[in-house]
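Only one structure is covered here, and it is reproduced in the block below.
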Amino acid sequence: MNPRVRELQETVCALHAELVRYDLVAWTAGNVSGRVPGEDLFVIKPSGVSYDDLTPEAIVVCDLDGNLVEGDYAPSSDTAAHAYVYRAMPHVGGVVHTHSTYASAWAARGEAIPCVLTAMADEFGGEIPVGPFALIGGDDIGKGVVATLEGHRSPAVLMQNHGVFTIGASAKAAVKAAVMCEDVARTVHVSRQLGTPLPIAQADIDSLYDRYQNVYGQRSPR
Ligand SMILES: [Zn+2]
């Protein structure tokens, strides 16, 4: 087997534990995928396998049409949506889907999360947008995710009446976006219960986003 596939299976398997750790999933409803570098392939959670039973070998390999290429299990029922994103967005290296509680509560109302926290400006560069209602099975969810996120700073979209899809340069970056999305969804919700959250000026959002994306953190991590 391609050693890069094996390495990615291990990474993506371990990242599913983060969904559990951050309380983003119930039962088996959430999945992480990662693009195989340099290949028209990605790896994704198998359908219906509990997080406790996931092993790197159980993570299945699919082509960019969502067909199973290698693995003992059927791919996640969300595989078509992940595949659509990889086909349409070549810069995306990881995709995550969850029904995390607070973010999905915003999605159920079809309401974007307004950018009222500096952490949101840092991470999302503005509001977290809402994508269209779409039924599972075909390309409709993937189309809605891509149409909403293309040209948007946010790596997260709230699919109406459904849940969260996030993208990233890597699977880990997409998981981070899913964790941060739920965190700000909860905080802004609580703020709403207490009164009216104050907006942040667009120029300040731009400045925060630029600093966090380009300056913050360790230089040249290896
Ligand atoms: Zn779902």
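Couple of notes before you dig in:
- Karplus 3J(HN,Hα) series, Hz, for the stretch 106-121 with 6.51 cos²θ - 1.76 cosθ + 1.60 (x for Gly, Pro): 5, 4, 5, 8, x, 10, 5, 8, x, 7, 10, 9, 4, 5, 6, 4
- Rounded tilt (10° steps) of 140-149 against the dominant C-alpha axis of the chain: 40
- Probe 1.4 Å, accessible area per residue of the chain, Å²: 49
- Extending 7 Å from the Cα toward the beta-carbon at both ASP206 and ALA105 defines two label points whose distance is 3.4 nm.
- Per residue Cα convex hull volume in Å³ - calculated over the chain: 119
- FRET efficiency, 1/(1 + (r/R0)^6) with R0 41 Å, evaluated for GLU150 and GLU10 via beta carbons: 0.85
- Accessible area per residue (1.4 Å probe, heavy atoms of protein chains only) ranks GLU70, GLU182 as GLU70, GLU182, with the largest value leading.
- Here the stretch 86-189 is treated as an ellipsoid with the same Cα gyration tensor; its semi-axes, largest first and in whole Å, are 19, 16, 11.
- Each residue, VAL190 and ALA119, gets one label point 7 Å from its Cα in the Cβ direction; the gap between the two is 0.9 nm.
- With both labels modelled 7 Å from their Cα along Cα-to-Cβ, the PHE133 to VAL215 distance reads 4.5 nm.
The values are calculated or read from the model by the stated rules, or taken from the named source; none is laboratory data. Fair warning: this is a prediction, and the values are worked out from it, not measured in the lab. All Cβ positions, even for glycine, are placed from backbone atoms using ideal geometry, and neighbour counts span all protein chains on display. Accessible surface is based on the protein model in full, side chains and every heavy atom, while ligands, DNA and RNA are left aside. Shrake-Rupley method; radii C 1.70, N 1.55, O 1.52, S 1.80 Å.
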